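The values are calculated or read from the model by the stated rules, or taken from the named source; none is laboratory data. Here the structure is a predicted model, which means the values were calculated and not measured. Cβ atoms come from the backbone with ideal geometry, glycine included; neighbour counts cover every protein chain shown. Note: areas computed on protein heavy atoms with side chains; ligands, DNA, RNA excluded. Shrake-Rupley method; radii C 1.70, N 1.55, O 1.52, S 1.80 Å.
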Amino acid sequence: MGESVANTILVTGGAGYIGSHVCKALASIGMVPVTFDNMAAGHRWAVQWGPLVEGDLRDGAALSAAFKTYAVEAVIHCAGLTSVPESQVQPHAYYDTNVVGTLSLLAAMRQAGLKALIFSSSCATYGNPTKVPIVEGHPQQPTSPYGRSKLMAEQILADHRNAYGIESVSLRYFNAAGADPRSDVGEDRAVQTHLFPLAMQAALQGNEMVVYGTDYDTRDGTCVRDYVHVSDLAAAHVMALQKLRSGKAAHAYNLGTGEGTTVMEVLAAILRVTNKRVPRRLGQRRSGDPAELVADSTRARQELGWHPQHRHIDAMVRTAWSWELKRQLDHAPRRAV
């Protein structure tokens, strides 16, 4: 049995990319993050600031045991499947993990009497925007099973607030990028789908990456995204948690810098920062990819006091590059002595 610790927060998916940064942010202000992760995509080395409980979201008994063992006060829910293209071909997995898993978590919270949850949502809930930058009141019409699963979870949370008094904040991420400035943690996936690591691995290994779609109505024909540093995302979770604990009303918040960057501009930034060109091949559009997604994060600034500290794309590239070099070194074969 673990010891009861004040300010203990359960972080689902805490061994993953964003979750591990959230755990570090919690620890930096004296909270104890308990990682709950099935380790399907997580890493043991990423769990550095608190205990690890291996378990699946759909296992209510495992969740209940973790709540009791560590005297958990609140939950930050980062666990889930996150690839738009993958969700198009594996929708059942996305609804099972992201929707059924969330229902299981909420049931365990109700049983334990927990009333506060921060939810990792997504700008994918908006679908193809009719107006950019996107405000929280924009219609939510997702174009992928991933986006629909996140929207369903948001709606479930609203119903649980009304029926059971579970207060929640939904944080709608735009495009997470970068890595911990000290390179303690970063992105490391068996199958990579995100632009930054794909491009950097291509630059280091000399393999071509595919640029999906060059005929969008944008500055250079490639998709525009609002990249937000993962450490800034982590800070927003802590601020949202503090808001809930103060008893203030819950909301959904967009998390982005408000500045859009095209795919080609990201590749140019990598060249600028690293002096390495990214080999690329031009491909067709992917299903479910909107032309432009840029956040209006006014509400997060005004109500949470959230101000991104790593706004410039070069700063995001710099931290991601440092992490990728470390990751490549750590994964390199060791010579026998």
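Before moving on, here are some points about what is shown:
- Within the accessible surface of region 33-165, defined with a 1.4 Å probe on protein heavy atoms only, the carbon and sulfur portion equals 53 percent.
- Using only side-chain charges placed at the Cβ, +1 for Lys and Arg and -1 for Asp and Glu, the dipole size of the chain relative to its Cα centre rounds to 380 debye.
- When its C-alpha radius of gyration is set against 2.2 N^0.38 Å (N residues), region 1-94 gives a value of 1.09.
- Reciprocal of mean inverse Cα separation for region 125-278 (Kirkwood radius, Å): 17.8
- Prolate/oblate/rounded call for region 233-337, Cα gyration tensor, a/c under 1.5 rounded: oblate
- Normalising the average separation of contacting C-alpha pairs (under 8 angstrom, six or more residues apart) by the number of residues puts the relative contact order of the chain at 18 percent.
- Across the options Y94, T69, G113, the greatest Cα extent toward the positive end of the charge dipole of region 55-122 (unit charges at beta carbon of Lys, Arg, Asp, Glu) belongs to G113.
- Under 23 Å of direct C-alpha separation, and excluding same-chain neighbours fewer than eight residues apart, K276 reaches these lysines: K326.
- Per residue, the chain exposes 44 Å² of solvent-accessible protein surface, assessed with a 1.4 angstrom probe and all protein chains in place.
- Region 17-158 shape via C-alpha gyration tensor axes, a/c threshold 1.5: prolate
- Bridge type composition, the chain - antiparallel percent by DSSP, nearest 5: 5
- Under the convention that each Lys and Arg Cβ holds +1 and each Asp and Glu Cβ holds -1, the size of the dipole of region 201-332 around its Cα centre is about 380 debye.
- With viscosity 0.692 mPa s and temperature 37 °C, the Kirkwood radius over alpha carbon pairs of region 129-204 converts through Stokes-Einstein to a diffusion coefficient of 208 µm²/s.
- For region 248-327, with +1 on Lys and Arg beta carbons and -1 on Asp and Glu, the positive-most of L325, T261, L271 along the dipole: L325
- Checking (i) 141; (ii) 120; (iii) 166 against volume of the Cα convex hull per residue in Å³ calculated from these atoms, the matching label is (i).
- Dipole magnitude for region 1-119: computed about the Cα centre from +1 point charges on Lys and Arg Cβ and -1 point charges on Asp and Glu Cβ, it is near 240 debye.
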